[in-house]
Amino acid sequence: MTILSSRDYTCIHPVVSSNSSNRNELCVELLEGKHGKSCLYYHGVHKLTEHYALHSAQNTYQAWDIEDLVSLGRKLRACPYFAARELMVGADIVFCPYNYLLDPQIRESMEINLKGQVVILDEAHNIEDSAREAVSFSVTESQLNAAREELDFMVNNNIRQKDHEHLRAVCYSLTNFNISVPPPRFADDYRVALQQTYTWTSENQADVSDTGAFFTKTKHKRNLRHKTVVHMLNFWCLNPAVAFSDLNDVRTIVLTSGTLSPMDSFSSELGVKFSIQLEANHVIRNSQVWVGTIGAGPNGRKLCATFQHTETFEFQDEVGALLLSVCQTVGQGILCFLPSYKVRKSLYFS
């Protein structure tokens, strides 16, 4: 088995992992040996892959998670990110996020071949949104300008000139379109009208009665915060079937979730006919289910889980007493959901 994930979760290089904005670029620079530096963790990938291969050969192989891989990578000074990719070659089962399967760029960069494979999508009620996002794209005006400058350099220096000329033409068209688009109407129209009116009243104060009541000129300039406008070009895919069509060559697709109904609309959205469907009943009886709102704890204190109240010891003690009471009543343990990690931490240490 293996688990594919981004460098955000599996990179252990101290310089790259401490940089939150461009980990991918820094990693590539290290691999290419730029600035005379390389990544020693990348050169130790074989230590991780051999470790798991040895356990598999000795039938002592156990399931592991990303934290286990990262921990072992630190111990062996080997890169967990590239080790996970290497382990994919001989893996019987590969775990990864939705976008690794649906996004064509990620699929290509990770060298994922889905032809003839069995794909299981858990919590598949999210797959429609994931499919739309996978083939949607956004680019800012600054990114377009940077791309245009880089393409100018490549074309002027005859670097694959024929290929880059067409792409440069697209960049120029998009940037020129952005420049030629008129600014938003209505609000600007009112602003111009007000400015013209103010100028006229200032120049013709003798002809206007009580101009002070009409417009009052500001004596001191105020420090106003100006909002920064970022122009962005968005290519939005509204049809999830566009991305899902890339999975046509798989052997089988299994979608599991507790909230897939209605299946007809779900199937039409993805553009796939699911010949085998199973809607199972709940594993527990209705008599075993109780849904309600608890307004107060065992000591009579109100349970108001707002930000201000969750910070108080009274709230934390009351929730703790309530959970203890439930645990003493219900056998075999309980599962408790909390609104945030911060609340969980405060309850744990209170």
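The values are calculated or read from the model by the stated rules, or taken from the named source; none is laboratory data. Just so it is clear, the structure is predicted and the values come from calculations on it, not from any experiment. Counting neighbours? That spans all protein chains shown, and the Cβs are built from the backbone with ideal geometry, glycine included.
Is it true that some residue in segment 6-19 is over 19 Å from Met110 (Cβ atoms), assigned to a loop (DSSP other than H, G, I, E, B) and under 18 Å from the mean Cα position of the chain (by Cα)?
Yes - at least one qualifying residue is present in segment 6-19.
Regarding Thr49, is this residue among the hydroxyl-bearing types (Ser, Thr, Tyr) and surrounded by fewer than 13 Cβ atoms within 10 Å (Cβ to Cβ)? First the steps, then the outcome.
Details: among the hydroxyl-bearing types (Ser, Thr, Tyr): yes; surrounded by fewer than 13 Cβ atoms within 10 Å (Cβ to Cβ): no.
Taking the combined requirement at face value, the residue does not satisfy it.
Determine whether Ser245 is farther than 23 Å from Gln117 by Cα, of a type outside the set (A, V, I, L, M, F, W, C), out of contact with any Gly (no Cβ under 6 Å at 6 or more places or on another chain) and in a helix (DSSP H, G or I). Let's see the steps before the verdict.
Numbers: farther than 23 Å from Gln117 by Cα: no; of a type outside the set (A, V, I, L, M, F, W, C): yes; out of contact with any Gly (no Cβ under 6 Å at 6 or more places or on another chain): yes; in a helix (DSSP H, G or I): yes.
So Ser245 fails the test.
Going by the structure shown, is Phe315 touching a His at 6+ places or on another chain (Cβ under 8 Å) and more than 30 Å from Leu238 (Cα to Cα)? Explain how you work it out, then say what you get.
Values: touching a His at 6+ places or on another chain (Cβ under 8 Å): yes; more than 30 Å from Leu238 (Cα to Cα): yes.
Yes, satisfied.
If we only count helices (runs of 4 or more DSSP H) wholly inside segment 64-161, which ones have 3 or more residues that are surrounded by 14 or more Cβ atoms within 10 Å (Cβ to Cβ), in contact with a helix residue (DSSP H, G or I) (Cβ under 9 Å, 6 or more places away or on another chain) and not assigned by TED's automatic domain parsing to the domain that holds Ser17? Spell out the reasoning first.
Details: elements: 66-76, 80-87, 99-102, 104-109, 127-134, 141-156.
So the answer is 99-102, 127-134, 141-156.
Only one of these is of a type outside the set (A, V, I, L, M) and touching a Lys or Arg at 6+ places or on another chain (Cβ under 8 Å): Gly73, Gly44, Gly33. Name it. Talk me through it step by step, then tell me what you get.
Numbers: Gly73 fails: touching a Lys or Arg at 6+ places or on another chain (Cβ under 8 Å); Gly33 fails: touching a Lys or Arg at 6+ places or on another chain (Cβ under 8 Å).
The unique qualifying residue is Gly44.
Could you list, in sequence order, the residues of segment 265-305 that are surrounded by 10 or more Cβ atoms within 10 Å (Cβ to Cβ), of a type in the set (D, E, K, R) and either farther than 23 Å from Leu322 by Cα or not assigned by TED's automatic domain parsing to the domain that holds Val343 (or both)?
The one that is surrounded by 10 or more Cβ atoms within 10 Å (Cβ to Cβ), of a type in the set (D, E, K, R) and either farther than 23 Å from Leu322 by Cα or not assigned by TED's automatic domain parsing to the domain that holds Val343 (or both): Glu269.
Checking the condition assigned to a helix (DSSP H, G or I), under 19 Å from Thr293 (Cα atoms), modelled with pLDDT of 85 or more and over 29 Å from the mean Cα position of the chain (by Cα), which residue from Gln316, Gln328 passes?
Gln316
For (1) out of contact with any Asp or Glu (no Cβ under 7 Å at 6 or more places or on another chain); (2) within 30 Å of Arg251 (Cα to Cα), each residue gets a yes or a no:
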{"residue": "Glu269", "(1), (2)": "no, yes"}
{"residue": "Val272", "(1), (2)": "yes, yes"}
{"residue": "Glu279", "(1), (2)": "yes, yes"}
{"residue": "Ile294", "(1), (2)": "yes, no"}
{"residue": "Asp317", "(1), (2)": "yes, no"}
{"residue": "Ile334", "(1), (2)": "yes, no"}
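Return yes when Tyr52 is part of a helix (DSSP H, G or I), in contact with a Leu (Cβ under 8 Å, 6 or more places away or on another chain) and of a type in the set (Ser, Thr, Tyr) and no when it is not.
Details: part of a helix (DSSP H, G or I): yes; in contact with a Leu (Cβ under 8 Å, 6 or more places away or on another chain): yes; of a type in the set (Ser, Thr, Tyr): yes.
Yes, satisfied.
Here is a list: Gln62, Gln117. Which entry is of a type in the set (S, T, N, Q) and under 23 Å from Ala241 (Cα atoms)?
None of the other options fit; the residue is Gln117.
Yes or no: segment 75-94 includes at least one residue that is touching a Pro at 6+ places or on another chain (Cβ under 8 Å), among the small types (Gly, Ala, Ser) and in contact (Cβ under 8 Å) with a residue 12 or more places away in the chain. Walk me through how you get there before you give the answer.
Here is the first cut: in segment 75-94, the ones touching a Pro at 6+ places or on another chain (Cβ under 8 Å) are none.
Looking through segment 75-94, none of the residues is touching a Pro at 6+ places or on another chain (Cβ under 8 Å), among the small types (Gly, Ala, Ser) and in contact (Cβ under 8 Å) with a residue 12 or more places away in the chain.
Could we say that Leu260 is within 28 Å of Ser130 (Cα to Cα), touching a strand residue (DSSP E or B) at 6+ places or on another chain (Cβ under 6 Å), at pLDDT below 85 and surrounded by 10 or more Cβ atoms within 10 Å (Cβ to Cβ) here? Outline the logic, then answer.
Details: within 28 Å of Ser130 (Cα to Cα): yes; touching a strand residue (DSSP E or B) at 6+ places or on another chain (Cβ under 6 Å): no; at pLDDT below 85: yes; surrounded by 10 or more Cβ atoms within 10 Å (Cβ to Cβ): yes.
In short, no.
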